[in-house]
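Notes for the one structure printed next.
Just so it is clear, none of the values below were taken in a lab; they were calculated from the coordinates. This is a predicted model, so every value here is computed, not measured. Here Cβ is always computed from backbone atoms with ideal geometry, including for glycine, and neighbour counts include all displayed protein chains.
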Amino acid sequence: MAENELDGIEKNREEEKAKLNLQLSKIKSTIMVMSGKGGVGKSTVSANLALSLAREGFRVGVLDGDIHGPDIPKILGVEDMKLTADEEGKIRPVTAYGNIKVISVGYLIESRDTPVIWRGPMKHSVMRQFLKDVNWGELDFLVVDLPPGTGDEPLSIAQLIRGAEGVNAPYALIVTTPQDVALLDARKSVEFARALDLKILGIIENMSGLSCPHCGETIDLFKTGGGRKAAEDLHIPFLGAVPIDPRIVRDTDEGRPFVVSEEGLEAAKAFAGIVSDILKQI
Ligand SMILES: Nc1ncnc2c1ncn2[C@@H]1O[C@H](COP(=O)(O)OP(=O)(O)OP(=O)(O)O)[C@@H](O)[C@H]1O
Ligand SMILES: [Mg+2]
């Protein structure tokens, strides 16, 4: 390869890096929502957190970092939207609930049933594009919903943000359910966050007890209290427990996060406490 070609590649790389830096410098705080185990409620927490923050008047974006199971568009009720490009050729995010900016692989695939078959480098490049080529504008919070575990997607997001000059380290928010297997896996997320120098906001224990709709008694379906115990053992904050409520499943499926459910759910009250705790830390 000729020397000037190499110079060209190098220059291009520098330009791309500068673009990423510029974009990231406009985002005050990134919150990565993680868990060790699947199906514990990360996407539910991400959507409800984004909506709660937006209702407090913050400028909020949601990056759906779950490439294989992009659930955010459905939960935020913006599944049928299409992406467009702005004058500068940047991707214009979809807008949910008036002012929440949303991006997801769900908008890039043909249909919800199309599987995404990508290896690590491809995933990295998509995460990079989602940070760099989406016109997020100025944001107070970027909430990143992630797949379970400590794979390519969380690693890419963490490294891209950690590698940007003068940009705050991302926060890690860990979601778990109370049973031992889930907690064991949550520990891995904590270790991951520590290894990558993320700021750990703490643990949320989701699906913590079920209030019986017939007798009103609380049934500890998956036990309770494990999240608090894990937080204590790992010396990180325990942010709170969100109970199981069948109405959450119904509302979520209808694109209505439970914090805006008209019924004033116990879960919404618990979540309000969690959000205020998070805001105190940030
Ligand atoms: N507190 C709760 N009470 C009742 N149902 C809940 C609660 N939290 C989440 N759910 C339901 O549990 C299911 C899984 O939640 P969600 O998709 O948020 O989990 P996840 O951790 O993002 O899953 P994945 O690992 O597949 O991305 C959804 O149907 C959701 O509506
Ligand atoms: Mg999810």
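Structure data summary
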read-out	value
MRE, 222 nm, helices only [DSSP H, n ≥ 4, -39500 (n - 2.57), over the chain, to nearest 500]	-12500 deg cm²/dmol
Part-to-part distance (alpha-carbon centres) for the range 247-269 and the range 1-21, which is given in Å	48
Charge dipole (the chain, unit charges on Cβ, about Cα centre) - positive-most of Val94, Phe271, Pro73	Phe271
Excluding exposed DSSP-loop GluC sites (Glu not before Pro) (at most 15 other C-beta within 10 Å), longest clean stretch of the chain	1-55
Trypsin sites (Lys or Arg not before Pro) within the range 26-83, DSSP loop, no more than 12 other Cβ atoms inside 10 Å	Lys82
For the range 15-145, the Rg and Dmax computed from alpha carbons only, in angstrom	14.0, 41
Extension reserve of the Lys26-Glu14 stretch, reckoned as 0.36 nm per residue once the Cα distance is removed	2.4 nm
Length gained when the stretch Glu254-Ser111 is fully extended (0.36 nm per residue, less Cα-Cα span)	49.7 nm
Degrees separating the helix 180-195 axis from the principal Cα axis of the chain, which is the longest one	30
From phi via Karplus (6.51, -1.76, 1.60), per-residue ³J(HN,Hα) for the range 203-220 in Hz, x at Gly/Pro	10, 10, 9, 9, 6, 9, x, 10, 7, 5, x, 8, 10, x, 6, 8, 9, 7
Leu196 long-range amide H proximity, modeled H, under 5 Å	none
Shape of the range 199-266, Cα gyration tensor, a/c cut at 1.5	oblate
24 Å tail of the calculated P(r), the range 139-246, as % of Cα pairs	32
Subset of Lys42/Lys101; Lys28/Lys132; Lys74/Lys132; Lys19/Lys90 violating a 20 Å alpha-carbon distance limit	Lys74/Lys132
Rounded to whole Hz, the Karplus (6.51, -1.76, 1.60) HN-Hα couplings of the range 140-155, x for glycine and proline	7, 9, 10, 8, 10, 8, 10, x, x, x, 10, x, 4, 5, x, 4
Karplus 3J(HN,Hα) series, Hz, for the range 41-49 with 6.51 cos²θ - 1.76 cosθ + 1.60 (x for Gly, Pro)	x, 4, 5, 4, 5, 4, 5, 5, 5
Cα Rg, Dmax (largest Cα-Cα span) when computed across the range 25-281, Å	17.4, 59
